[in-house]
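Down below is the structure, laid out as structure tokens.
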Amino acid sequence: MFIGLEKESSSPTEKLARKESLKVQKKNYRQEKKRVAKELFSALKDPSVVIMSNWLKIRGTLKSWTKLWCVLKPGILLIYKTPGSDHWVGTILLNACKLIERPSKKDGFCFKLYHPLDKSIWAMKGPKGESVGSITQPLPSNYLIFRAASESDGRCWMDALELALSCSSLSKMTAKSGRDGDLSGSSESSHILQLLQSSALTNQDLLPLNDSMLENHMENDANSDKSEREAHEDSDNGANENGGRLTEESDMDQSDDVYLQATVFVEEAHEEMGEAGEASQVETVSEENKGLIWTLLKQLRPGMDLSKVVLPTFILEPRSFLDKLSDYYYHADLLSQAVMEESPYSRMKQVLRWYLSGFYKKPKGLKKPYNPILGEMFRCCWLHPQTDSCTFYIAEQVSHHPPVSAFYISNRKDGFCITGSILAKSKFYGNSLSAILDGKARLLFLTRDEEYIITMPYAHCKGILYGTMTLELGGKITIECEKTQCYTELEYKLKPFLGSSCNVNQISGKIRLGEDVLATVDGHWDSKVHLTEKRTGQQEVLWNPGPDIRRQRLKRQVVQVDQQEAFESERLWRHVTRAINDKDQMRATQEKFVLEEAQRQEARERAERPWNPRLFTFNSDTNEWHYKYPDTEAWDPEHCLLQFEKDGVIQTKEKSQRQRSSFAYSQNWAAQQKVRVNGKHRKSSSQPSSCSQNTESSSSTPEPNHESSDNEGFMNQCARCTKEVKDIALIETSVAAIQKTQQDIQRNLSALGRQITRHKTAEESKSLSGRHCLILCMLLLFQLLINYVFT
């Protein structure tokens, strides 16, 4: 009655005001719908917001499989016939989907996206407004079954889909038009966008988004909506709630501050490569530069050290020596493969293959890199697409007289790190000079606790006074592993005086296991190198840097010049480099003199005080330089999230307790699924357990009630299955320990057998020598008897 009376007593003016208010509300409603649609289409079209993309096989309604290109974005999964965006098949809305692993007898890894209430999971339009997709086999409307090529790929897709299922609201972040209260104003939202757009981070790196970051982000959205609904009732309370949300956001920003602090690397724009073969190692000096060389040679004596001699800029390669030392890691993926090899001999072969991969990159002509300034630093990294890891490189000039460069390389996820230092020395011999790299590099395989000690060849330049200037590599190098007793010796040979072009850049060597020669190596270090097995005589190509290998070089990521520190190589030498590239030798000499004079002034001000390097420390016991922040523990996927670098310090971000629990749960579930597929679980005839699951056959479509029981089984894991999974894990650990013990016993037996064989051979040689003496004595007596008879 009260409502009726109120309505009757309403004046025409109030009715008109209410009508106008309703019009405004409807207008705002339509504008909001358009804005949301615009933002969604913007996120669909933006190529930078992609969590993952790859080929997947999808099972159609006709029970056959079709290979389609899948692009995963926050909240949606786009399906195309080709990697381009021209042949759109369909778009799946993930906000109403559930994800579950699907056992299968076929090769690969299967998982299923489905709607728990058998509703359609497809969007009505495509990213460009398409209403009809490309023609392909019919696909189900309420579920899709996917097959990845391998289990690792499938696990990556499962993790990425879990992320996309949780962050469907992140599609707003790519909206180009900002508004008040937009997500782009939040530091954590922009951080999430940065993670989604970063090509350097893998799918595992995105796991933190499944933790408190996304949870708080969605809670903040919910609180924001609630405050908007209640704004007309109590604006003061709404303001207080907003203040509380800001505090929560700042706390969360501090907890994830490690991501914001990591150094930003970008792919190197250009890489200069010299010609293959002898052509890039020979240079004819112009008449103008010959005068400079003669002026320089007047100051030198045979056997003199050239470390304190100022060289003309026309022979300089426009990059620092710290930069040049990174040439050995463009094929660091070979070390990732070496860690996985089972036998010591196979690992040594792979290490030798990686070692040879660092020499074929040559400058154009005979060039020498800059002598680094004391305290100079260089850093870069290489992304490994196959393992979703990253190799970080850090180098620093730790001493100037004598010039010592220290370096550290780390890729914990792939299980290797390298540390070492190089003392660069030069000797003048009249018509030739040699650049000697005195020092060792220590390669450590983290999971095997094996250390390989590696030495370097020297560079020899001849034809300075007369003849053609030619650069070669010479000397003997070794790669030695004390634990496995595997040893490689390699000789870089200089071209003989009367040699032909086939004698240029020759190498030869052997791979030994103890005293036994396992294989011989010969070829040319800048082209093809052959390895011949000693026992079988079988020959294989160990290394051949042809066009295919050059295309497989990892892309180096560097820090942009404007973001580098003052003493980073590229920024420090940028004026000299620019002058050399402009072929302005006078200006290059002046810029180089400015740097050298500043270094001398700094040394005078420092006087007798020792220089303290920033990233390396000297060990007087081993007479070697070591990185101050090494991390040589093996990578633990349960605790380690990703490796990153900041200010020259290589660090590892660890997972939170919740992420570790989630990881352990997924591992247990995977083990349980494997056991169940192999038929090792007991089947109850009376009542199924709460974690049982109906396996779909490849020839029939499952019923909806089966799918709900699948989801229920996935969410409720029974205690008996958990106990069995733990027992299986303990058994696997015991079996691995037994296998390792058997390998140690086998290795000891082999060594004992070799010792017994040597002992028997020595005894036989002794017995044979005694027998030979007896025969000789008998022959002498017989000869004397014959002489006596005939005389």
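Students often get this wrong, so check it: of Lys495/Lys528; Lys368/Lys583; Lys324/Lys362; Lys413/Lys726; Lys67/Lys106, which have C-alpha atoms separated by over 20 Å? Where the Cα-Cα span goes over 20 Å, the pairs concerned are Lys413/Lys726. Across region 52-169, Cα pairs under 8 Å and at least six residues apart give a relative contact order of 31 percent. Take region 52-169 with all the other protein chains still there, run a 1.4 Å probe, and you get 43 Å² of accessible area per residue. Taking other residues whose beta carbon is less than 9 angstrom from the beta carbon of Leu68, and scoring Lys, Arg as +1 and Asp, Glu as -1, yields +3.
Just list whichever of Lys57/Lys119; Lys23/Lys119; Lys38/Lys653; Lys27/Lys128 have alpha carbons separated by over 28 Å in the model shown. Beyond 28 Å between Cα atoms: Lys23/Lys119; Lys38/Lys653. Check each of the trypsin sites (Lys or Arg not before Pro) in region 542-579 and keep only those in coil by DSSP with at most 13 other C-beta atoms within 10 angstrom; list them in order. Sparse-neighbourhood loop trypsin sites (Lys or Arg not before Pro): Lys555.
Checking every one of the chymotrypsin sites (Phe, Trp or Tyr not before Pro) in region 389-485 against DSSP loop status and a limit of 12 other Cβ atoms within 10 Å picks out Tyr466. Between Ile728 and Arg600, residue separation times 0.36 nm minus the direct Cα-Cα distance comes to 39.5 nm. Counting protein heavy atoms only, region 52-169 has 54 percent of its accessible area on carbon and sulfur, 1.4 angstrom probe.
A DSSP coil position with no more than 14 other Cβ atoms inside 10 Å describes the following GluC sites (Glu not before Pro) in region 565-609: Glu565, Glu608. Remark on region 52-169: hydrodynamic radius 14.2 angstrom, per the Kirkwood mean of 1/r across alpha carbon pairs.
If you plug the beta carbon distance of His270 and Lys27 into 1/(1 + (r/R0)^6) with R0 = 56 Å, you get a FRET efficiency near 0.55.
Remark: for residue pairs Lys483/Lys534; Lys98/Lys125; Lys361/Lys646; Lys440/Lys462; Lys427/Lys483, the C-alpha separation exceeds 31 Å in Lys427/Lys483.
The values are calculated or read from the model by the stated rules, or taken from the named source; none is laboratory data. Note that the structure is a prediction, hence the values are computed from the model and not measured. So basically every Cβ, Gly included, is an ideal-geometry build from the backbone, and we count neighbours across all protein chains shown. Surface areas here come from the heavy atoms of the whole protein model, side chains and all, with no ligands, DNA or RNA. Shrake-Rupley method; radii C 1.70, N 1.55, O 1.52, S 1.80 Å.
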